[in-house]
Amino acid sequence: MEKRELTCIGCPMGCTLTVTMQDKEVVSLTGNTCKRGDIYGRKEVTNPTRIVTSTVRVKNGENPVVSVKTAQDIPKDKIWACMEAIHEIQVEAPIQIGQVVLKNVADTGVDLIATKNQRAVESRL
């Protein structure tokens, strides 16, 4: 049996969770004070996921980049592929909060969305 200790991020309590696993199956989870802790602990040891935040280059925008995030969490092992895809793109201003800037990022089934508005400006050339 394998035991893993985690700090729960499901709510502000930050409970210390102890997850006991047999092979790849959770046999017990202790330390949580709410249901979110149980859900987080089981998911973290069997299929960890994360929300990815970054910036994307902007063409003709008031700023050279716009902040973005994945619309949902993605498998942890897809984070580098997601970051590579983000590095390769450039979006055209104007951009609105919630606008999809890249569909199905890194074949995760999750879209990359803008988290800030960005106005377009005239080219300065």
Checklist line | Per-selection Kirkwood Rh - the stretch 2-47 (Cα, Å, 1 d.p.) | finding: 10.2 Å
Notebook entry, point to check: Which of the GluC sites (Glu not before Pro) found in the stretch 30-125 are in a DSSP loop and have at most 16 neighbouring Cβ atoms, other than their own, within 10 Å?
Noted result: Glu62, Glu122
Note to self: With +1 on the Cβ of every Lys and Arg and -1 on the Cβ of every Asp and Glu, and nothing else charged, how large is the dipole of the stretch 84-125 about its Cα centre, in debye rounded to the nearest 20?
What the structure shows: 260 debye
Next item on the list: Springs between alpha-carbon atoms under 10 Å, Gaussian network over the chain: tell me which of Ser54, Ser28, Ser67 tops the mean-square fluctuations.
Entry: Ser28
Item checked: Among the listed pairs Lys43/Lys116; Lys24/Lys69; Lys59/Lys103; Lys76/Lys103, those beyond 27 Å (Cα-Cα) -> Lys43/Lys116; Lys24/Lys69
Margin query: Could you identify which residue out of Gln96, Gln22, Gln72 has the top mean-square fluctuation in a GNM of the chain using Cα springs shorter than 10 Å?
Written below: Gln22
Item checked: Distance between modelled label sites at Asp73 and Ala93, nm, 7 Å Cα→Cβ extension -> 3.5 nm
Check: If one takes the longest principal axis of the Cα atoms in the chain, at what angle in degrees, from 0 to 90 and to the nearest 10, does the Cα axis of helix 35-46 lie?
Finding: 80 degrees
Next item on the list: For the stretch 98-113, just list the computed ³J(HN,Hα) in residue order, Karplus coefficients 6.51, -1.76 and 1.60, θ = phi - 60°, integers in Hz, with x standing in for Gly and Pro.
Entry: x, 5, 6, 9, 7, 7, 6, 4, 6, 6, 9, x, 10, 8, 9, 10
Check: Based on the Kirkwood radius over alpha-carbon pairs, what value in µm²/s does the Stokes-Einstein equation return for the translational diffusion coefficient of the stretch 34-101 at 37 °C and 0.692 mPa s?
Finding: 240 µm²/s
Note to self: Going by amide H atoms built from the backbone, whose H comes under 5 Å of the H on Asn117, apart from near neighbours?
What the structure shows: Ile97
Next item on the list: Please state, as a whole number in µm²/s, the translational diffusion coefficient that the Stokes-Einstein equation yields for the chain at 20 °C and 1.002 mPa s, with Rh defined as the Kirkwood radius across alpha carbon pairs.
Entry: 129 µm²/s
Notebook entry, point to check: Under a plain spin-label model, where a point goes 7 Å from the Cα along Cα-to-Cβ, how far apart in nm are Met83 and Arg119?
Noted result: 3.4 nm
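Every number here is computed from the coordinates shown, using simple stated rules; none is lab data. Note that the structure is predicted; figures quoted are calculated from it, not measured. Ideal geometry is used to build each Cβ from the backbone, glycine not excepted, and the neighbour counts take in all protein chains shown.
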